[in-house]
1. Among the candidates Thr132, Thr136, which residue alone is modelled with pLDDT of 90 or more, hydroxyl-bearing (Ser, Thr, Tyr) and closer than 22 Å to Trp190 by Cβ?
2. I'd like to know if region 142-159 contains one or more residues that are under 21 Å from Trp305 (Cβ atoms) and either small (Gly, Ala, Ser) or outside the structural domain of Ala124 (by TED's automatic domain parsing) (or both).
3. Answer yes or no as to whether Ser59 is modelled with pLDDT under 95 and farther than 23 Å from Ile420 by Cβ.
4. What are the residues in region 393-416 that are farther than 19 Å from Glu331 by Cα and not in a helix (DSSP H, G or I), if any?
5. Any residue in region 61-84 that is farther than 13 Å from Gly119 by Cα and in the same structural domain as Leu135 (by TED's automatic domain parsing) sitting within a Cβ distance under 7 Å of a residue that is surrounded by fewer than 19 Cβ atoms within 10 Å (Cβ to Cβ) and charged (D, E, K, R)? List the pairs, counting only those 6 or more apart or interchain.
6. Hand me the list of helices (runs of 4 or more DSSP H) wholly inside region 295-385 holding 2 or more residues that are crowded, with 22+ Cβ neighbours inside 10 Å.
7. Can we say Leu148 is modelled with pLDDT of 90 or more and either hydrophobic (A, V, I, L, M, F, W, C) or assigned to a helix (DSSP H, G or I) (or both)?
8. Considering every residue within region 174-190, establish whether at least one is over 30 Å from Asn312 (Cβ atoms) and loosely packed, with under 15 Cβ neighbours inside 10 Å.
Amino acid sequence: MASSTPTTAGDPARSAQAAHLALPTPTAWRNITKHPLLFPYNRLIALVLLVNLLVLVQSGTYATASDAVLANLTLAVLIRQPRVWNFVFSLARRLPDSWPLWIRGAAAKVYHMGGLHVGAGISAMIWYIFFTVDLTKQAAGHQLPARLTAVLFVSYVQAALLLAIVVLALPAIRRRWHDLFERSHRFAGWFSLLLFWVQTLLSSWEPRDGQAVWMVLLSTPQLWVLLVCSASVASSWTRLRKVRVSVSRPSSHAALLRFDYGWTPFNGSSAFLSRSPLKEWHAFAGIDVQQGAGYRIMVSRAGDWTSRLIDNPPDTLWVKQIAIRGMASVESLFNRVLFVATGSGIGPTLTHLVSRPRDRPMALVWVTRTPRQIYGDDLVDEILSLVPDALIVDTAAQGKPDVVALAYRAARDFRADGVICVANKKVTWDVVHGLESRGIAANGALWDS
């Protein structure tokens, strides 16, 4: 747990030395291949789109389009299902410590699998539009019965709905109108699933070869695919509860939430909180309570929802009793790990500082403003008890440092084989790119939700 360079927390000389450290120039190849545009997340999106393009070129028929829509829909839904997500995470985290670092480092990118959701969602939309155009061509010039006319109408509504879901999920729109994105993804997604059910029932609602309608339905693959997708979507809502919460405010910038209602998220996972379950949900890292039962969550002022919670602490909140592995859970793949956090990023980091086995060395760089005033003496003292030689940079007293240089120096001195960064988007991507382009395995959040 100790660093190879003994220091005191927040040592100004140490942080200044690191901030002015001349970083080695990365190779052109690493600088390009480790760029955020080429993150595994984006590569997975491109891979899914490429596979679908090859299928379209090879066999772009009405039947193929129908099957491709369902295949992509299933992938898009299941890869975001918490149990599936956690299962894939658990497989990656089981790699032996003795395996080469490049293999463990690649496995640590498991949280990028959300790219499969994006690629499959876009592909499903494209295939469905192709399906609708082909269906329209077949119907042209024919007098359709009412049932098939209804199928065609539902297809037009569904195509427009899928297009709207994809457009509203584009990064630029998602960032600017996040509430619109979240609600459209939820409600339009539910309505879209309902329309798939309507279309499947309408398309299959006729006897075939002497079979009853219910026998035709049971023999339709689409029925079973929709059952799986519907169960996947509904499962997390069956775990909904309204629970009491105790809120303490060490400052006007932060609040510490304490829960004790018989369920605790596992280490390294996020819990979901809401005041209005149908409107919005917010994920926060669950932190073990070292003494007593329940768990804690740190909330900092970072938007309307968190501001309202800090200014007017609630007595109760809605929770989903289902946790999902967070990015930082990949720390278990590294023998010596450096955590880099800025501001309230210490919250998600703390859960790993608490749970990481004491025989697995860890170090911490925390860049924040007046930590004791904002987060309280108890929290800072707890951090220092877990990582006595943590480098805590008080930006109010020492100014804003070059976080990439700090992280590089700390990783080099500590001989870290992995770095976990929890900060805002710009800092995180700068640190991940800056370290990986210089040969140090690094991971950080993707902001894809």
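The values are calculated or read from the model by the stated rules, or taken from the named source; none is laboratory data. What you see is a predicted model; the values in this text were computed from it and never measured. Note that each Cβ is placed from the backbone with ideal geometry, even for glycine, and that neighbours are counted across all protein chains shown.
1. Thr132
2. The answer is no, given that none of the residues of region 142-159 is under 21 Å from Trp305 (Cβ atoms) and either small (Gly, Ala, Ser) or outside the structural domain of Ala124 (by TED's automatic domain parsing) (or both).
3. yes
4. Val393, Asp394, Gly399, Lys400, Pro401, Asp402
5. Tyr62/Asp134; Ala65/Asp134
6. Per the criteria, 346-355, 371-375.
7. Answer is no for this residue.
8. Among the residues of region 174-190, at least one is over 30 Å from Asn312 (Cβ atoms) and loosely packed, with under 15 Cβ neighbours inside 10 Å, which makes the answer yes.
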